[in-house]
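Structure record follows, encoded as structure tokens.
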Amino acid sequence: MKKWLIPLIIFGVIAFGIYNWVVGFNNTAVEKQETAKTQWANVESAYQRRADLIPNLVNTVKGYASHEKETLEGVIQARANATKTTIDPTNVTPEQMAAFQKAQSGLSGALSKLMVVVEKYPDLKANQNFLELQSQLEGTENRINVERNRYNSLAKDYNVFTRKFPAKLLAGMLGFDPLVLFQAAEGSEKAPDVNF
């Protein structure tokens with residue numbers, strides 16, 4: 001056997017091992033990233049469901065509380081702001097995520113005000129259409145929370161995978177940037193004051 005053949009075989013085995021490691025990392029990272037992106041689409045779908053329910057809710061309330069124009073317009077404007085704010089989870093900055101969350105929080109706040117207004121109208125609270133819409137909206141809010149939590153879990157899994165050494169070296173070279181997580185809204189750590 002020739003002396004130059006042994007180093008060549010050793011080099012070939014090492015090169016093949018490194019190639020397999022890079023391919024394995026890349027494929028796993030792509031799979032985790034795509035799973036998180038799909039979950040992000042589920043988050044957006046849940047938010048869209050909420051946005052789709054709002055016109056029906058506003059129209060139902062409008063029939064009973066037409067003089068609550070300012071509140072109704074606030075809900076419509078908040079819905080418009082929330083639906084025009086979209087982001088790509090693989091290319092999102094913390095600032096974009098904050099803007100998205102702020103728009104969604106604005107809509108939640110407007111809906112809360114609307115529900116307070118509804119309390120003044122017993123006939124509306126007894127309306128079957130309103131009760132059904134309110135129930136669907138509550139279910140959608142729960143669905144949004146579940147989908148956000150699932151996204152955070154999958155994004156965390158991807159982030160941990162791409163930040164562990166030595167995978168971190170490849171993640172940077174192959175363009176696998178960390179995914180931004182949902183954060184609690186500012187001030188949510190404080191319990192609200194309840195006065196009777």
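Every read-out reported here was derived from the displayed coordinates using simple, explicitly stated rules and does not represent laboratory data. From a predicted model like this one, the values you see are computed outputs, not experimental measurements.
In summary, the lysines within cross-link reach of residue 164, defined as a Cα separation below 21 angstrom excluding same-chain residues under 8 places away, comprise 32, 37, 156. Using Cα springs under 10 Å in a Gaussian network model of the chain, which residue among 172, 74, 12 shows the largest mean-square fluctuation? The residue with the greatest mean-square fluctuation here is 12.
With each run of n ≥ 4 DSSP H residues scored as -39500 (n - 2.57), what mean residue ellipticity at 222 nm is computed for the chain after dividing by its residue count and rounding to the nearest 500 deg cm²/dmol? Provide the component values of the computation, followed by the final result.
Working: 6 runs with 150 residues, N = 196.
After summing the helix terms and dividing by residue count, I get -27000 deg cm²/dmol.
Sequence-distant contacts, meaning Cα pairs under 8 Å at least 6 residues apart, place the relative contact order of the chain at 32 percent.
Note on the chain: with a GNM built from Cα contacts shorter than 10 Å, the maximum mean-square fluctuation among 97, 115, 173 falls on 173.
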